[in-house]
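Peer 1: Quick one: the structure is below, and I'll ask about it shortly.
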Amino acid sequence: MFEKLGLEERLLKGVKAMGYTEPTPIQEQAIPIALEGKDIVGCAQTGTGKTAAFILPLLQRMSRERGIKALVVTPTRELAGQIVDVARDCTKFTGQKVTAVYGGVGYQPQKETLRRGVDLLVATPGRLLDLQGRGDVDLSKVEVLVLDEADRMLDMGFWPDVKRIINLMPSKRQNLLFSATMSHQVLGVVGSTLNNPVRIDVAPSATPIEAIEQTVYPVGSTQKGDLLVRLLEERDLDRVLVFTRTKHRADRVCRTLSRKGIKGVAIHSNRTQSQRQQALDGFKNGKYRVLVATDIVARGIDVDNISHVINFDLPNKAEDYVHRIGRTARAGNDGYALSFLSSEETSSLREIEGLIGTTLPCEDVDGFDYDYRVVPSPDRLATKPRKKLVYNGGALSGKRKRGRKRPARSMAGAR
Ligand code: AMP
């Protein structure tokens, strides 16, 4: 019950208008603590409801003074856009002004919005510092700082910028830090900024084991494109997120699809901001059936109703498999994860199976003219789970009805 978390009526009305009925675990835990003014270190990733978990309390706590009282720093433009969307919904009945500033678009409109007055600013580090350097942003009134996806900001080399930003703010302020992973490195660099923080952990991924039907398709590496086309042509795959290992391969997959008249679009860090936004919007509104992505860009993307995740290439890190497939089967929907497996990727498969603690069924696509493929040995059945993954995302989880499960094929030996 959101009513029990200590939120004011005008925010509860916003929550209701957004259609949220029950708080997610991170919201349940973080909101009361943040409302007390305490610092938080939250280990939670996109999909857990973390955005509202930090936006709601900071809206309630910020003073009525003029100027930027709350700042959310986030690594990518897409995330900044998503956060400001949530903030706009939350402020529907409060009258507080929110905006986002990020690179890749013109300065002038952002400058004008800032001049008109902003209470909550969402920003990527580089653009924020540019605007501050030009005298368009004053951070001297900030009362609450949120560092979102801190691990990713670290990975992307933003940390010097983040430190400079921190130095532009009053030292007496509340700090809320969120990160999908909580390494010593993350805690090390921000430790001195935080004031006796409360640590909150939410399990890492959205329902991969229970809700997602996962299948492996052994295929020669040169036939992956053909196999993808075949699946898209033959099966009822509706909104498909395809992962490749590199940007170059993402573009290549898109070209293959377009040659076959399948509407797909790639999203990766070589694309301009407007190209990325158009790709995402086009995928969300159904213009494109397939979104091809690399891990780094995809991590923060929040797209609902993805029916299938296809691992065109298996990820290098087993954890990324869980992040990838967690994009499907959201909010109780069915979800399917299909993984193409070339002979070079068998050790990655073993790692993944070790992590998720289960052996994945392998299948062939009927009638596909395979040149060559290596079907993993049944020995791998002996793989021991490294750790058990349990999603406790509450409101966002949902068990799939198991009725539609297809029988797994036998997969002994090379075919
Ligand atoms: P986030 O982890 O903040 O990116 O949120 C992931 C998705 O969950 C978004 O689409 C939110 O709109 C949705 N969401 C957040 N909180 C709730 C809630 N309490 N009930 C239902 N959906 C939610």
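The values are calculated or read from the model by the stated rules, or taken from the named source; none is laboratory data. The structure displayed is predicted, hence computed values, not measured ones. Cβ: placed from backbone, ideal geometry, glycine included. Neighbour counts: every protein chain shown. Keep in mind that these areas ignore ligands, DNA and RNA; they rest on the heavy atoms of the full protein, side chains included. Shrake-Rupley method; radii C 1.70, N 1.55, O 1.52, S 1.80 Å.
Peer 1: Can you go through ASP304, ASP369 and tell me which one is open to solvent by 40 Å² or more (accessible area, probe 1.4 Å) and modelled with pLDDT of 90 or more?
Peer 2: Of ASP304, ASP369, the one residue that is open to solvent by 40 Å² or more (accessible area, probe 1.4 Å) and modelled with pLDDT of 90 or more is ASP369.
Peer 1: Among the listed residues ALA87, ALA52, ALA80, ALA70, which satisfies the condition of being within 15 Å of the ligand (Cβ to nearest atom), buried (at least 24 other Cβ atoms within 10 Å of the Cβ) and in contact (Cβ under 8 Å) with a residue 40 or more places away in the chain?
Peer 2: Exactly one residue qualifies, and that residue is ALA80.
Peer 1: Something else: Hey, among ASP201, ASP155, which residue is open to solvent by 60 Å² or more (accessible area, probe 1.4 Å), within 22 Å of the chain's Cα centre (by Cα) and closer than 30 Å to ASP334 by Cβ?
Peer 2: ASP201
Peer 1: Which of the residues that make up the range 237-275 are crowded, with 23+ Cβ neighbours inside 10 Å and closer than 20 Å to HIS323 by Cα?
Peer 2: VAL240, LEU241, VAL242, PHE243, THR244, ALA250, ALA266, ILE267
Peer 1: Tell me, please, whether a residue that is at pLDDT below 95 and either away from the ligand (no atom under 11 Å from the Cβ) or aromatic (Phe, Trp, Tyr) (or both) can be found in the range 19-28.
Peer 2: The answer is yes; a qualifying residue exists.
Peer 1: Would the range 233-242 turn up any residue that is under 24 Å from the mean Cα position of the chain (by Cα) and modelled with pLDDT of 95 or more?
Peer 2: Yes, because at least one residue in the range 233-242 is under 24 Å from the mean Cα position of the chain (by Cα) and modelled with pLDDT of 95 or more.
Peer 1: What's the number of the only condition in (1) within 16 Å of the ligand (Cβ to nearest atom); (2) free of Cβ contacts under 8 Å to residues at least 60 places away in the same chain; (3) not in a helix (DSSP H, G or I) that LYS92 fails to meet?
Peer 2: (2)
A quick yes/no check of all residues on (1) charged (D, E, K, R); (2) within 11 Å of the ligand (Cβ to nearest atom); (3) farther than 21 Å from ILE165 by Cβ; (4) open to solvent by 40 Å² or more (accessible area, probe 1.4 Å):
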residue: GLU8; (1), (2), (3), (4): yes, no, yes, yes
residue: ALA44; (1), (2), (3), (4): no, yes, yes, no
residue: GLU65; (1), (2), (3), (4): yes, no, no, yes
residue: GLN108; (1), (2), (3), (4): no, no, yes, yes
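Peer 1: Are there strands (runs of 3 or more DSSP E) fully within the range 159-268 with at least 1 residues that are polar (S, T, N, Q) and not assigned by TED's automatic domain parsing to the domain that holds LEU120? List them.
Peer 2: By residue number, 212-218.
Peer 1: Exactly one of these conditions fails for GLY14: (1) outside any loop (DSSP other than H, G, I, E, B); (2) open to solvent by 10 Å² or more (accessible area, probe 1.4 Å). Give me its number.
Peer 2: GLY14 satisfies every listed condition except (2).
Peer 1: What number of residues in the range 138-158 are assigned to a helix (DSSP H, G or I) and under 21 Å from GLY37 (Cα atoms)?
Peer 2: Matching residues across the range 138-158 total 1.
Peer 1: Which ones in the range 160-191 are open to solvent by less than 20 Å² (accessible area, probe 1.4 Å) and at pLDDT 90 or above?
Peer 2: VAL162, ILE165, MET169, GLN174, ASN175, LEU176, LEU177, PHE178
Peer 1: Related question: Can you tell me which residues in the range 1-30 are free of Cβ contacts under 8 Å to residues at least 40 places away in the same chain and touching a Gly at 6+ places or on another chain (Cβ under 7 Å)?
Peer 2: GLN27
Peer 1: Taking GLN60 as the residue in question, decide whether it is in contact with a helix residue (DSSP H, G or I) (Cβ under 9 Å, 6 or more places away or on another chain) and within 15 Å of the ligand (Cβ to nearest atom).
Peer 2: no
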